[in-house]
Amino acid sequence: MATDQDMYAGASDTSEGRVFTVTGQDWDQIVEGLAEESDERVVVNMGPQHPSTHGVLRLILELEGETVTEARCGIGYLHTGIEKNMEYRSWVQGTTFVTRMDYLSPFFNEATYCLGVERLLDIEDQIPEKASVMRVLLMELNRISSHLVAIATGGMEIGALTVMTIGFRERELVLDLFELITGLRMNHAFIRPGGVAQDLPPGALDEIRGFVALMKKRLPEYAALCNANPIFKARLEGVGHLELDGVLALGITGPVLRSTGYAWDLRKTEPYCGYEDYDFDVQTWDTKDAYGRFRIRLNEMWESLKIIEQAADRLAGLEGAPVMVADKKIAWPSQLAIGSDGMGNSLDHIRHIMGESMEGLIHHFKLVTEGFRVPPGQAYVPIESPRGELGAHVVSDGGTRPFRVHYRDPSFTNLQGTSVMSEGGMVADVIVAIASIDPVMGGVDR
């Protein structure tokens, strides 16, 4: 064995690999060239089984030390095929599917879909006032519950566990109201083409007013915990920075857009469901960062409480008013009741259906099993969800089922901001930037 050969390292030519030729240029240029060719950069996957990536979101991060040099989103883990499934269900059954998309704001999914169907049916002016007021009431309650989750999970991800526990404490109260009104805590399918499934139960308005009074005491706790907290501010201020021109170029809406100071809210700019008749203010901030988005969500909950109070006062004056369109060829049977066994319909309701004429029974059977026909055409009615512009593009070929339904979900669009918000920052700041976007993967991967 040759004595001049290292037994643990193979021989190599000095010209192999990268060769740097120094010809007298400045040292700064040499360092830059070395940095571009550095082997210290690594690519890691964060998620989808990561507690801080907001559900099943996969982030592909290129790191140099603790600095993020490139960030990309990998989506598709939660894909449900909801939009395709809707082509095989009736128009009313579609509400049961869409409510499961963005599962933190189900009423908004239902509302934009039903508004599109009603436009195709040309019955927008026939929707009962009480149904529209109930829609506004439920959507604003839903906005509060969604923002509570955004603030709670965002706090948890940076170690503010108290924010998480109190956030979910208040959200439970909202879900209690949903259960009282719709019978379900999530995935309600309560907003239907033509109105809503049924009237408010007895005592619901008192419970709603009690909730508003309690939230007015509880919301200041979030401000006391976070608004001027030096640790909280240090983690959020200047993080996830994105200017107005970048937001507009990417089509980002919601609190991320309003954190640039631009007061764009579809409830004001393109009103629907009678929002033009309610007194509230569009909340903006001017810091263009994660801290501003947090403050906007906190302020928006106060505005939602104002709208809920106004809606409750209107509902008090609409006792006994209809909640479904009068056209019996469209109106899904809404006199629902639960039997003594806690399931199905009560005997009184069955007698009501079976005791009518044979023609009435046949009509009921056809309406429930086959559904109504919708004239050919397409419609898109955007609404302001907790995350931004949410819209359902509804297409009909004149049949009893949708030809195509496609959602413009703000979580999907807003995720485009991940890279520009994260690159150049630290790994820990990626978590804060994603939390400030508040994406819900059920809406992204629908």
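Only helices enter this figure: runs of n ≥ 4 DSSP H residues, each worth -39500 (n - 2.57), summed and divided by the residues of the chain, yield -13500 deg cm²/dmol at 222 nm to the nearest 500.
With all protein chains in place and ligands, DNA and RNA left out, the 1.4 Å accessible area ranks Val44, Val196 as Val44, Val196, largest first. Reducing the range 102-138 and the range 189-260 to their Cα centroids gives an inter-centroid distance of 20 Å.
Listed options for log10 I(q)/I(0) by the Debye sum over Cα atoms at q = 0.06, 0.09, 0.14 Å⁻¹ are [x] -0.27, -0.62, -1.41; [y] -0.24, -0.56, -1.43; [z] -0.33, -0.64, -1.32. The value calculated from this structure is the one marked [z]. A simple spin-label model places pseudo-atoms 7 Å from Cα toward Cβ; at Glu179 and Ala228 they are separated by 3.8 nm.
Need the full-extension length gain, Arg218 to Thr96, defined as separation in residues times 0.36 nm minus the C-alpha distance. One decimal, nm.
40.6 nm
Using a probe of 1.4 Å on the protein chains alone, the accessible area found for Val427 is around 30 Å². Across the chain, the relative contact order, built from alpha-carbon pairs under 8 Å that are at least six residues apart, equals 25 percent.
With respect to the chain, whose longest principal axis is taken over its alpha-carbon atoms, helix 427-437 is tilted by about 20°.
For Lys288, what is the net charge nearby, where nearby means another residue's Cβ is under 14 Å from its Cβ and Lys, Arg count +1, Asp, Glu -1? Every neighbour counted, the sum reads -2.
If you sort Trp302, Trp332 by accessible surface, 1.4 Å probe, largest first, the order is Trp302, Trp332.
Note on Glu172: accessible area is roughly 80 Å² with a 1.4 Å probe, heavy atoms of protein only. Placing R0 at 25 angstrom, the Cβ-Cβ distance between Thr165 and Glu64 gives a FRET efficiency of 0.10 after rounding to 0.05. Surface analysis of the range 176-301 yields an accessible area of 41 Å² per residue, using protein heavy atoms and a 1.4 Å probe.
Of the listed residues Cys73, Cys114, the order by accessible area with a 1.4 Å probe, largest first, is Cys73, Cys114.
Here the spin labels are modelled as points 7 Å beyond Cα on the Cα-Cβ line, and at Val427 and Thr80 they lie 3.3 nm apart. Each label point was placed 7 Å from the Cα along the Cα-to-Cβ direction; for Arg119 and Asp286 their separation is 3.5 nm. Tell me, what % of the accessible area of the chain is carbon and sulfur with a 1.4 angstrom probe? Carbon and sulfur: 53 percent of the exposed surface of the chain. Taking all protein chains as they are arranged and a probe of 1.4 Å, the heavy atoms of Arg89 leave approximately 90 Å² accessible to solvent.
Assuming 0.36 nm per residue, please report the length gained on full extension of the stretch Glu40 to His364 beyond their Cα-Cα distance.
Stretched out fully, the Glu40 to His364 stretch lengthens by 109.7 nm.
Past 18 Å, Cα to Cα, is the threshold; run Lys130/Lys329; Lys216/Lys306; Lys328/Lys366; Lys268/Lys288; Lys329/Lys366; Lys268/Lys306 against it and keep the listed order.
Lys130/Lys329; Lys268/Lys288
Average accessible surface for the range 65-120: 37 Å² per residue, computed with a 1.4 Å probe over protein heavy atoms with every protein chain in place. Calculate how steeply helix 161-182 sits against the longest principal axis of the alpha-carbon atoms of the chain, using the helix alpha-carbon long axis, and give the answer as 0 to 90 degrees to the nearest 10. Helix 161-182 and the main axis of the chain meet at about 20 degrees. Can you tell me the 0 to 90 degree angle between the C-alpha axis of helix 358-369 and the longest principal axis of the chain, rounded to 10? Computed tilt is about 0 degrees.
The values are calculated or read from the model by the stated rules, or taken from the named source; none is laboratory data. Everything quoted here is computed from the prediction, not taken from an experiment. Every residue, glycine among them, receives a Cβ derived from its backbone with ideal geometry; neighbour counts consider all protein chains shown. Ligands, DNA and RNA are stripped out before the accessible areas are found, and what is left, the full protein with its side chains, is counted by its heavy atoms. Shrake-Rupley method; radii C 1.70, N 1.55, O 1.52, S 1.80 Å.
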